[in-house]
Amino acid sequence: MTDEPLLSLRTFIEDVERIGELRHVHGAHWDLEIGGIAELSYRRPKPQALLFDDIVDYPSGHRLLVGSTGTSRRFGRTLRLGDDLDDFGLVEALRGKPSKWAAAARDFPVEVVERAPFHENVLEGNDANLLAFPVPRWHGHDGGRFIGTGCLVVTSDPETGVHNGGCYRMQVQDDGRATTIAAVPGKHGAQNIERWFAREGRAPVTVSFGHDPLLLALGGTEVPGGISELEYAGAVLGQRVPVVLGEETGLPIPAGTEIVVEGWLTPEESRVEGPFGEWTGYYAGSPRPTPNLRVNRIYYRDNPILLGAPPGKPPHDYSYMRTVMKSAMIQDELVSMGVPGVKSAWAHETGGGRLFIAVAIEQRYAGHARQVGYLAAQCPAAAYMNRYVVVVDEDIDVTDLGEVVWAMSTRSDPATDIEIMNRTWGSKLDPMLEPDQTPYNSRAVIDACRPWHRLKSFPRVAESDPAYLREVQQRWGQFLD
Ligand SMILES: Cc1cc2nc3c(=O)[nH]c(=O)nc-3n(C[C@H](O)[C@H](O)[C@H](O)COP(=O)(O)O)c2cc1C
């Protein structure tokens, strides 16, 4: 495909098809069936990306992609790090990059263009209805149909003009004539909206549905404040991102997108949204009034493709992506704080990439393991919603939960090796939060390293020398398949 704009979802789909990781699914229903197929797929060891077409009630060609970032090959391609890396290799390749990309973002200002493929079609007035697209009801107890999972919501800081791209759940409201945007207070997007409300009594937004999942990854990850995710994307690509400026708001819309809406939020216009099956694996957090965007005009490409990224009990659509991003960022932050001996970090998918983190170190001094545990639990990449940090010795594979649990079970003494922190940064989405409780949580650092003072005398691990096992494998492998 030659004339596709930068960050086109179609180019991504073509690439994924070429590496053999795309499945075409025809005839599924938007009401739960797409969500169910996706859920079963996420549980497979190497889930494919699924492109749904001929969706019940919708014209052929109105499509939806899920599972975009679910393997190291697809996510490596998304981050432009190559499509031949394994899980660990991808994290290694990513290490050091987020801070470089953040520093370089300002060198890649967006490039304004006049026309984009999404101008091919427009729905206006009474025809402007989001349910013209096959928006799924993802899970059985969701409060409605959520068009925003893999979306990019662009807002701006009214003082500096710097724009922000964030990924927030968006529930279709008013029979398709509007959509809520559920940015949690404190997120940059929510802060921008609040500032505009305070200053002008309204807040501009544009929303892109259907783009290269690089924008899902950046919109859905904690990019530092004051940096535009579109410029950050430019730094990742090494090229300025082409955008069209919204006619009503003047905010940028990536030219490569499939479907676009824009408009102004007001403090008076809200709807109760949710519940929604979330990344913790629960329907937690009570339905709450949320800013509601009335949709007056929708632009879209011929045969448009929505990008879906539904959360749920992990593994879910973007848990792998979050694990990779967080693992690299946590290790980077520990290293940049000057902590020695950090060998690897892994933010496990079972904890949604946030709740359960394992860090391996080469112990250098008494107290080293606790230092790493406390810092990992509170570094910016992990501070939100972490619950457990387990620090292990370097012989433990942090990506393997079995090894981590073995270390916890044999190298820690619960009476002395579990440190608790209270009143740390939690979330309304926490299923353990009591109703009406302030969203603090607590967290535990589990020191599962051999005690420093017994390092030399600690019982030897009962396994053969790896070099000897390789020899045995060569000689006797025929009996072991
Ligand atoms: C698919 C997906 C859905 C998300 N849904 C929400 C959401 O509904 N509300 C929210 O505040 N954050 C949500 N997040 C997390 C935010 O995107 C993430 O914290 C991001 O860093 C917020 O960006 P901001 O701080 O620039 O606003 C979601 C992330 C992903 C990947």
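The values are calculated or read from the model by the stated rules, or taken from the named source; none is laboratory data. Everything numeric in this text was worked out from a predicted model, so none of it was measured. Note that we place each Cβ from the backbone using ideal geometry, even for glycine, and neighbour counts take in every protein chain shown. Quick note on the areas: whole protein, heavy atoms, side chains included, nothing else; ligands and nucleic acids left out. Shrake-Rupley method; radii C 1.70, N 1.55, O 1.52, S 1.80 Å.
In the set ALA366, ALA377, ALA381, ALA345, only one residue is within 16 Å of the ligand (Cβ to nearest atom) and either free of Cβ contacts under 8 Å to residues at least 40 places away in the same chain or of a type in the set (A, V, I, L, M) (or both); that residue is ALA381. GLU333 meets all of the listed conditions (1) more than 23 Å from ASP174 (Cβ to Cβ); (2) within 16 Å of the ligand (Cβ to nearest atom); (3) within 14 Å of the chain's Cα centre (by Cα) but one, namely (3).
When ALA103 is tested against (1) surrounded by 15 or more Cβ atoms within 10 Å (Cβ to Cβ); (2) at pLDDT 95 or above, exactly one condition is not met: (1). Restricted to region 423-451, and to residues that are surrounded by 12 or more Cβ atoms within 10 Å (Cβ to Cβ) and charged (D, E, K, R), which residue is farthest from GLU92 (Cα to Cα)? Among residues in region 423-451 that are surrounded by 12 or more Cβ atoms within 10 Å (Cβ to Cβ) and charged (D, E, K, R), the one farthest from GLU92 (Cα to Cα) is LYS428.
Okay, residues lined up against (1) more than 16 Å from the ligand (Cβ to nearest atom); (2) surrounded by fewer than 22 Cβ atoms within 10 Å (Cβ to Cβ); (3) not assigned by TED's automatic domain parsing to the domain that holds ASP142:
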| residue | (1), (2), (3) |
| --- | --- |
| VAL261 | yes, no, no |
| GLY277 | no, no, no |
| GLY281 | no, yes, no |
| ASP302 | yes, yes, no |
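Anything in region 203-230 that is at positive phi and either surrounded by 22 or more Cβ atoms within 10 Å (Cβ to Cβ) or away from the ligand (no atom under 13 Å from the Cβ) (or both)? List them, or say none. If the condition is that a residue be at positive phi and either surrounded by 22 or more Cβ atoms within 10 Å (Cβ to Cβ) or away from the ligand (no atom under 13 Å from the Cβ) (or both), then GLY210 is the only one that fits.
For VAL324, indicate whether it is in the same structural domain as LEU401 (by TED's automatic domain parsing) and either open to solvent by 40 Å² or more (accessible area, probe 1.4 Å) or touching a residue at least 40 places away in the same chain (Cβ under 8 Å) (or both). Against the criterion (in the same structural domain as LEU401 (by TED's automatic domain parsing) and either open to solvent by 40 Å² or more (accessible area, probe 1.4 Å) or touching a residue at least 40 places away in the same chain (Cβ under 8 Å) (or both)), VAL324 qualifies. Checking each residue in region 106-117 for being among the charged types (D, E, K, R) and surrounded by 14 or more Cβ atoms within 10 Å (Cβ to Cβ) picks out ARG106, GLU111. Looking only at region 134-170, which residues are of a type outside the set (D, E, K, R), open to solvent by 30 Å² or more (accessible area, probe 1.4 Å) and closer than 26 Å to TYR282 by Cβ? Matches in region 134-170: GLY140, HIS141, GLY143, CYS167. Of the residues screened, THR266 is not one that is polar (S, T, N, Q) and within 21 Å of the chain's Cα centre (by Cα).
Table: residues versus (1) over 23 Å from the mean Cα position of the chain (by Cα); (2) over 19 Å from ALA382 (Cα atoms).
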{"site": "ARG423", "(1), (2)": "yes, no"}
{"site": "GLY426", "(1), (2)": "no, no"}
{"site": "THR438", "(1), (2)": "yes, yes"}
{"site": "ILE446", "(1), (2)": "yes, no"}
{"site": "LEU455", "(1), (2)": "yes, yes"}
{"site": "PHE458", "(1), (2)": "yes, yes"}
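Selection over region 144-154 of residues that are near the ligand (Cβ under 10 Å from one of its atoms) and not hydrophobic (A, V, I, L, M, F, W, C) gives a count of 3.
For region 155-202, give me each residue that is of a type in the set (Val, Ile, Thr), modelled with pLDDT of 95 or more and within 13 Å of the ligand (Cβ to nearest atom). Matches in region 155-202: THR155, VAL162, THR179, THR180, ILE181, ILE193.
Going residue by residue through region 183-202, is there one that turns out to be closer than 30 Å to GLU33 by Cα, in the same structural domain as ASN296 (by TED's automatic domain parsing) and open to solvent by 30 Å² or more (accessible area, probe 1.4 Å)? Yes - at least one qualifying residue is present in region 183-202.
For region 161-192, the set of residues classified as farther than 19 Å from VAL241 by Cβ and β-branched (Val, Ile, Thr) consists of VAL172, THR179, THR180, ILE181, VAL184, listed by residue number. For region 7-20, name all the residues that are crowded, with 20+ Cβ neighbours inside 10 Å and not in a helix (DSSP H, G or I). Result: LEU7, SER8. Selection of region 23-47 for residues being under 22 Å from the mean Cα position of the chain (by Cα), surrounded by 19 or more Cβ atoms within 10 Å (Cβ to Cβ) and not in a helix (DSSP H, G or I) yields only PRO47. Apart from one condition, LEU123 fits all of (1) assigned to a loop (DSSP other than H, G, I, E, B); (2) in contact (Cβ under 8 Å) with a residue 60 or more places away in the chain; the exception is (1). Determine, yes or no, whether ILE420 is aliphatic (A, V, I, L, M) and open to solvent by 30 Å² or more (accessible area, probe 1.4 Å). Here the answer is yes, as ILE420 does meet what is asked.
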